[in-house]
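Chemist: Here it is, the structure in full.
The values are calculated or read from the model by the stated rules, or taken from the named source; none is laboratory data. Bear in mind the structure is a predicted one, so any value in this text is a computation, not a measurement. The area values use the complete protein model at the heavy-atom level, side chains included, leaving out ligands, DNA and RNA. Shrake-Rupley method; radii C 1.70, N 1.55, O 1.52, S 1.80 Å.
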Amino acid sequence: MAWISSKADKKAVPLAEFGREVLARRAAAGDPAMPRNSGANRTESKKALLTAIDEAAAKKGFRW
């Protein structure tokens, strides 16, 4: 199903091609250091959700 705003003449870009394009753009920009999201502004509900996900994963032996 296509969205009303989608353009039928545009084709999907393969992931490998997209990755190459991102690397080329970063190189052209001087390979800037991208800051990581510290999570300092997370809401209490988001923190609770991430904790629940972490606990459920730990029960299955998975740690991220």
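Chemist: Using only the Cα atoms of the chain, each taken as one equal point scatterer with no solvent, compute I(q) by the Debye sum, divide by I(0), and report log10 of the ratio at q = 0.12 Å⁻¹.
Modeler: With no solvent term, the Cα-only Debye profile gives -0.74.
Chemist: Continuing with the same structure: Pairing the Cα long axis of helix 44-59 with the longest principal axis of the chain, what angle in degrees results, from 0 to 90 and rounded to the nearest 10?
Modeler: Helix 44-59 and the main axis of the chain meet at about 80 degrees.
Chemist: Any idea of the accessible area per residue across the chain, 1.4 Å probe, to the nearest Å²?
Modeler: Ligands and nucleic acids excluded, the result is 102 Å² per residue.
Chemist: Relative to the longest principal axis of the C-alpha atoms of the chain, give the angle of the C-alpha long axis of helix 15-28, reported between 0 and 90° and rounded to the nearest 10°.
Modeler: The two axes meet at around 80 degrees.
Chemist: Sum -39500 (n - 2.57) across every DSSP H segment of at least 4 residues in the chain, then divide by the residue count to get the 222 nm mean residue ellipticity, nearest 500.
Modeler: After summing the helix terms and dividing by residue count, I get -15500 deg cm²/dmol.
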